[in-house]
Every structure is written in structure tokens, then in C-alpha cells.
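Everything on this sheet refers to the single structure shown next.
Please treat every number below as a calculation from the coordinates, not as lab data. Just so it is clear, the model here is predicted, and its values are computed rather than measured. In this analysis, Cβ positions are derived from the backbone assuming ideal geometry, glycine residues included, and neighbour counts consider all displayed protein chains.
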């Protein structure tokens, strides 16, 4: 009945897979767990070989990093059951009925998002504080909060949907860098009037990037965004879905984008120091994004 699709890149998914197996293997539901190794370092291979020997588990390996869209599409193309549960490999199960909560609400015409959670414990390393604070403040939303704007709140970190619907949409493989594949997928669901239901069935995001890596990914996502604005047919939907893009469009309209150039030139080092420290400001992160977007638009 259910194909559980776990995509990983340089993460050890052993605990996650074992927890998923513990929940599903004694049920009456036919299942499989497909682990998509998206070109991880060779040091992860021994772990993946052990997982591959577990009943109901199969590991699929990409020789080089395909990107988040392609590896998910690849896993879905290999899945044999009518329902797909997509999970990122840097997740931790925090409910004994995680899988059952999805299966009890399975319908042939709906996508169900369980949500993303974060540990309440403050990271001990200052390098991880920015990513943790961002996750706690911006991503860890209740189902009620996410349901206000269900398509904009879509996240591929942890979601469940019929395989038949996924074959109609799939993730956009033209998005090669990190970022915004979720945004486009949410827009496609909205365009096709496919209901997105949000429930409180969170997984804990454990893969906290360092501030430097998080900022690098942020820059990559903004390059993606620039390219999407030029090439994607639903540009106005992008602007509506992405608050940052909406703000930047207004700044350009008012002719204030030159101020962003000056701010970035004068304050770049100070902003970077704050964001990589123990007390990062998310308001400064938003300003940093606007400055980078302005820089790559120039």
C-alpha cells in the first residue's frame, strides 16, 4: 500500500529507517522503504549496505549528486505501491503512530503534509545556531498555521500523496541547485486544484547546517529564484508564494534597490559576523537575502 521514499545526501539514515521499519513491518499494510543515496561520500556506503540487507528496504545509488528534484523523481519511478511517503534523510521520528497517521487519512485525490519540527534544545555549537533559530521561527508551524496558506506552506521534507497524482506533476528537474523545488511543486498542485491537507504529524529536522553552509545554500536558492523568474511560466504565482520576491519587486518599483547596494557594500562584514554568531538576527538574514537578490539581479 505504501512506498516510503527516503532521500539522503551525506547523512546516515540508519535510525530513521529502523524507526520506520518498527512502525510498519508488523502491520497489515504492504510496504517498501526505498533509500535514495544522492551521491553521498563513500564513507556512508558501509551503513547503506547494511540497510540494504534489511527486509523491505532497498537502497538506490546515484554515482554523482543528481539534486533534490531528480532523486525524488527517481525514487517515485521505482515505487510499486499506490501511496508515496516522501521523507528527507536528516529526519527523526517523534511519534509512534507517524505512519499510521498518514495511512488513516489516505485518499486518492489529496496531498497530506505532516510538518517539520525542531528540537527545543539550543545547539551547543554557535555554527548551528542560525539554522536552528530559522527552523524554530520560520519552519516549525502547526497544521492550523500551515493551513491558512496550504499551497505556500507545502514542504517536501515530510509529505504523503497518491502515486497516480505524483505522476502528473513530479518535481521540476530543471531546478539543479538547492532551493525552491518545493515552491514550484506547491504551485503546480494549486494549478491543478489538488487539495493539500496539513496535519500535525511532524518529523524532527536533525541535519542542522552550519551558518556558513546555510548562507551558501541561501545564495544558491536565490540564484535558482532569479532563473525561475525568467523561465517559469507562472511567474506571478512565484511572486505571490515567495514573500521575499514580493518585497524585492516593491523595492525595485519604488526605486530603492540602490540602497540595498550601498547597505551590502558598507555592512556586509557586520551582517556576516552577526549571522554566524550566537545571536543571529533573522531580520538581518532577511536583509541579507534582499541584498544578495539585488546583487545577482544587477
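Summary table below
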{"item": "Cβ-Cβ FRET estimate between residue 149 and residue 18, R0 fixed at 30 Å, reported to 0.05", "result": "0.30"}
{"item": "Within a Gaussian network of the chain (alpha carbon springs, distance under 10 Å), most fluctuating of 194, 152, 112", "result": "194"}
{"item": "Rg to Rh quotient for segment 146-206, alpha carbon positions, Kirkwood Rh", "result": "0.95"}
{"item": "Residues of segment 145-179 with amide N under 19 Å of a point placed 7 Å along Cα→Cβ from residue 81", "result": "157-167"}
{"item": "Shape category assigned to segment 95-224 from the gyration tensor of Cα positions, a/c cut at 1.5", "result": "oblate"}
{"item": "Ranked packing of 215-227, 2-14, most packed first, by mean Cβ within 10 Å", "result": "2-14, 215-227"}
{"item": "Angle in degrees between helix 211-231 and the longest Cα principal axis of the chain, rounded to the nearest 10", "result": "80 degrees"}
{"item": "Alpha-carbon spread of the chain, three principal axes, descending order, Å", "result": "61, 43, 37"}
{"item": "Linear extension gain, residue 254 paired with residue 204, 0.36 nm per residue minus alpha-carbon span", "result": "13.9 nm"}
{"item": "Pairwise centroid distance, computed over Cα atoms, of segment 105-134 with segment 1-62, Å", "result": "20 Å"}
{"item": "Taking 291, 94, 113 and counting other C-beta atoms within 10 Å, the order from fewest to most", "result": "94, 291, 113"}
{"item": "Three-way shape label, segment 1-151, alpha-carbon gyration tensor, a/c 1.5", "result": "oblate"}
{"item": "Antiparallel %, DSSP beta bridges [both residues in the chain], to 5", "result": "30 percent"}
{"item": "Label-point gap, in nm, between residue 101 and residue 64 - each point 7 angstrom along Cα→Cβ", "result": "4.0 nm"}
{"item": "Two-site label geometry, residue 50 and residue 287: point separation in nm, points 7 Å out along Cα→Cβ", "result": "4.8 nm"}
{"item": "Spread of Cα-to-Cα distances over 10 Å intervals beginning at zero, given as percent, for segment 213-297", "result": "16, 49, 29, 5, 0"}
